[in-house]
Amino acid sequence: MAHIIVFGNEKGGSGKSTTCMHVATALARMGHRVGALDLDLRQRSFGRYIENRRAWTERSGIDLPIPDYRLLPEADPDAEARRTNAQDERLTAALAELDSAVDFVVIDCPGSHTRLSQVAHTLADTLVTPMNDSFVDFDLLARLDPETGKAKGPSIYSEMVWSARQTRAQAGLKPIDWVVLRNRLGVQAMHNKKKVGSALDDLSRRIGFRVAPGFSERVIFRELFPRGMTLLDLRDTGIDQLNLSNIAARQELRDLVATLRLPGVQVAF
């Protein structure tokens, strides 16, 4: 069965789709068969990223690995009569098509709570939650005491993950490996970064996730999207010279993929 990697964050603006694309493409470049689903049916940032990549390769004639992106099938109008959820059926059908054809399915969830996102979390073997590295986004995971800065209790999103874990346990499936990424790390405000890091480490032990460094804030990510490129494509395409910032970003991606501890993956790029 394909290993399912779900990228989830209900706040948005954390670089989720960019991170999702880089992980999916890195796996494809290492020779793994990668399927891709975008559950944000309005924005489709992840899906459009892959479509941009396919269009660029066709124009340039340069062959690059591309994740197998699939649209969800149309909802069955008879689902309600059968007392089944049409959204559940759409996601199940898409996964059934990909399952035997790929090694990994990478799923990007919308930055809001939807039925599709909720179901995807229960299907996740690996759950990746990127968050901006600040207390502004910390309430994605927990409610903080404004006086002490200590976590008062889990957030609605954390409770959804807990529910997904319970559902998997009842079905006899292996536990979700939940990884929280500290994304958009800045070079300044070191004191704030240490406080966020300390709070995350404390919370990780309480509600059960691993903390990992993600991507620093870099202009290059905004420039890559229109062409569907990732950091790993710069050397092969000749689009851009590998400057020190881009080399550092490649190392961040390498560290991220290694931290995910995906089955059968030996990081080689």
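The values are calculated or read from the model by the stated rules, or taken from the named source; none is laboratory data. Being a predicted model, the structure only gives us computed values, none of them experimental. For neighbour counting, all protein chains shown are included, and Cβ atoms are generated from backbone atoms with ideal geometry for every residue, glycine included.
Okay, here's what the table says:
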{"item": "Flag for Leu39 being within 24 Å of Val265 (Cβ to Cβ), over 17 Å from the mean Cα position of the chain (by Cα) and surrounded by 14 or more Cβ atoms within 10 Å (Cβ to Cβ)", "result": "no"}
{"item": "Residues within segment 86-110 that are touching a helix residue (DSSP H, G or I) at 6+ places or on another chain (Cβ under 7 Å) and at pLDDT below 90, tallied", "result": "2"}
{"item": "Residues that are farther than 16 Å from His113 by Cα and aromatic (Phe, Trp, Tyr), drawn from segment 137-176", "result": "Phe138"}
{"item": "Top-ranked residue of segment 1-33 - restricted to ones that are among the polar types (S, T, N, Q) and in a helix (DSSP H, G or I), ranked as surrounded by the fewest Cβ atoms within 10 Å (Cβ to Cβ)", "result": "Thr18"}
{"item": "Top-ranked residue of segment 210-230 - restricted to ones that are modelled with pLDDT of 90 or more and within 12 Å of Met21 (Cα to Cα), ranked as surrounded by the most Cβ atoms within 10 Å (Cβ to Cβ)", "result": "Thr230"}
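Okay, residues lined up against (1) out of contact with any Asp or Glu (no Cβ under 9 Å at 6 or more places or on another chain); (2) on the phi > 0 side of the Ramachandran plot; (3) surrounded by 19 or more Cβ atoms within 10 Å (Cβ to Cβ):
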| residue | (1), (2), (3) |
| --- | --- |
| Ile62 | no, no, no |
| Asn85 | yes, no, no |
| Glu97 | yes, no, no |
| Pro110 | no, no, yes |
| His113 | no, no, no |
| His121 | yes, no, yes |
| Asp125 | no, no, yes |
